[in-house]
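These notes concern the structure reproduced below.
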Amino acid sequence: MQSDAAKRQLGRPRDARADRAILDATLELIAERGVHGFRTEDVAARAAVGKGAIYRRYRSKDALVTAAVAALVGEEIALPDTGSTRGDLLVLMREAVTLYRSSLPARLMPNLVGAMAEQPELARAVRKGFLAGRRAALSEVLRRGVERGDLRPDLDLELALDVLGGPLFYRLLVTGGPLDEQLAEGVADLILRGFAPGKPSRATSRKARREDSG
């Protein structure tokens with residue numbers, strides 16, 4: 001039988017400050033060294049906790065990394081309602097530009113992207129933590145744009161979402177171009193022009209090409 005002291009030890013609640021310190025230290029080390037460039041011991045040293053504190057929380061380093069990424073974007077993204085599709089798109093694009101320009105995600109993403117192909121759980125955490133909330137908000141803005149008549153009824157939602165996010169990540173991960181107000185406005189205007197009512201859909205364009213070639 002367990003002693004009363006042992007029972008109290010097992011039942012003692014975890015220290016929330018230690019939880020946060022472990023996750024913050026993990027994110028900082030990913031940003032500095034990449035997913036494979038640090039050890040659990042490095043996290044313990046930076047968080048000022050014992051290794052046992054980490055192993056009690058996470059069964060492996062992969063689990064720790066996944067948990068840290070999942071906790072990075074904990075706040076729900078507010079759905080804007082400026083009264084116009086362009087205004088709503090600009091709010092969300094400006095938020096994304098600010099997020100990736102001057103904060104920890106800007107340093108994290110290049111290292112995370114390379115590891116996502118190797119670790120499916122990490123890939124799911126990145127998609128859920130970085131992308132799902134913002135894509136959900138953008139999806140609702142685009143649907144409202146269709147209802148307002150600003151966007152065509154047969155809008156390819158997934159394509160439009162990729163067009164919104166693609167330029168930001170291309171600059172962040174490939175070209176190193178500026179993440180700024182001009183980018184936010186340019187992408188919003190690209191959506192409104194490219195998916196405007198009266199523009200032919202991809203299916204219509206393919207049909208027209210087939211008829212021309214025939």
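The values are calculated or read from the model by the stated rules, or taken from the named source; none is laboratory data. Bear in mind that the values here come from a model prediction, so they are computed numbers and not experimental data. Here the Cβ positions follow ideal geometry from the backbone for every residue, glycine too, while neighbour counts run over all protein chains shown. Ligands, DNA and RNA are stripped out before the accessible areas are found, and what is left, the full protein with its side chains, is counted by its heavy atoms. Shrake-Rupley method; radii C 1.70, N 1.55, O 1.52, S 1.80 Å.
Take Arg193 and decide whether it is surrounded by 13 or more Cβ atoms within 10 Å (Cβ to Cβ) and of a type in the set (Lys, Arg). Judged against the criteria, Arg193 is not a match. Take the residues in the range 96-118 that are surrounded by fewer than 16 Cβ atoms within 10 Å (Cβ to Cβ) and not hydrophobic (A, V, I, L, M, F, W, C); name whichever of them is farthest from Val35 (Cα to Cα). Within the range 96-118, the match that is farthest from Val35 (Cα to Cα) is Thr98. Looking at the range 1-80, the helices (runs of 4 or more DSSP H) lying wholly inside it that each contain 2 or more residues that are more than 23 Å from Gln119 (Cα to Cα) and either in contact with a strand residue (DSSP E or B) (Cβ under 6 Å, 6 or more places away or on another chain) or modelled with pLDDT of 90 or more (or both) sit at 16-33, 40-47, 51-57. Starting from residues that are open to solvent by 40 Å² or more (accessible area, probe 1.4 Å), in contact (Cβ under 8 Å) with a residue 60 or more places away in the chain and in a helix (DSSP H, G or I), keep the ones in the range 119-177 and report whichever is farthest from Val35 (Cα to Cα). The selected residue is Arg148. Against the definition (surrounded by 15 or more Cβ atoms within 10 Å (Cβ to Cβ), closer than 24 Å to Phe195 by Cβ and in contact (Cβ under 8 Å) with a residue 12 or more places away in the chain), how does Met93 come out, yes or no? Yes; evaluated as a whole, the condition is true for this residue. Looking across the range 46-62, the residues that are without any contact (Cβ under 8 Å) to a residue 40 or more places away in the chain and either hydroxyl-bearing (Ser, Thr, Tyr) or surrounded by 14 or more Cβ atoms within 10 Å (Cβ to Cβ) (or both) come down to Arg46, Ala47, Val49, Ala53, Ile54, Tyr55, Tyr58, Ser60, Lys61. Scanning the range 180-194 for residues that are within 19 Å of the chain's Cα centre (by Cα) and either in a helix (DSSP H, G or I) or not charged (D, E, K, R) (or both) yields Leu183, Ala184, Val187, Ala188.
All of Leu90, Leu104 fail the test of being under 21 Å from Ala132 (Cα atoms) and modelled with pLDDT of 90 or more, apart from Leu90.
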